[in-house]
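Colleague: Quick one: the structure is below, questions incoming.
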Amino acid sequence: MGSTYGRRVPSFTTAQKGAATSWAAKPVQHSTERLVDTIAFKIGSPGAERLIRARVYANCGAGVDGGSVSSPRRCERRDVARFGGAVVLLARTTVGGVPQATDVRIDSTGLAYRQLVRIASGLRPVR
């Protein structure tokens, strides 16, 4: 399941699925995607918060001139706004005593690193 917010730049798209299932329509994963950072933040209502770890990526694998960068280098935070980026996280919770997990991916265009992380950290579980 997914949604897009914004019609122009900046915008972002969310996609989620149960962690134990396969993607019905797999989100686009760019071959130019490179790791920027691994972050941790808490989501959930007060008293029921859970620590979530997420990876932030930027689509900086292609050079500014459109050429390919062959080295698997890490991108910088500023590259998220320049080339587009994504946050990928696994949100775990318990529903009726049964452990549940959801994969969430947020792809962005034109958002800064800090804005993308703020969107991800603002997620709240829905029962």
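The values are calculated or read from the model by the stated rules, or taken from the named source; none is laboratory data. Please read these numbers as outputs of a predicted model, since none were measured by experiment. Every residue, glycine among them, receives a Cβ derived from its backbone with ideal geometry; neighbour counts consider all protein chains shown.
Colleague: Could you tell me which of the residues 40, 54, 15 is in a strand (DSSP E or B), surrounded by fewer than 16 Cβ atoms within 10 Å (Cβ to Cβ), at pLDDT 75 or above and of a type in the set (A, V, I, L, M)?
Modeller: On inspection, the qualifying residue turns out to be 40.
Colleague: Please name all residue pairs, on different chains or six or more residues apart, with Cβ atoms under 8 Å, provided the first residue is in region 33-47 and is closer than 14 Å to residue 74 by Cβ and the second residue is of a type in the set (Ser, Thr, Tyr) and assigned to a strand (DSSP E or B).
Modeller: 33/57; 34/57; 35/57; 36/57
Colleague: Hey, can you tell me all the residues within region 25-37 that are of a type in the set (A, V, I, L, M) and at pLDDT 85 or above?
Modeller: 35, 36
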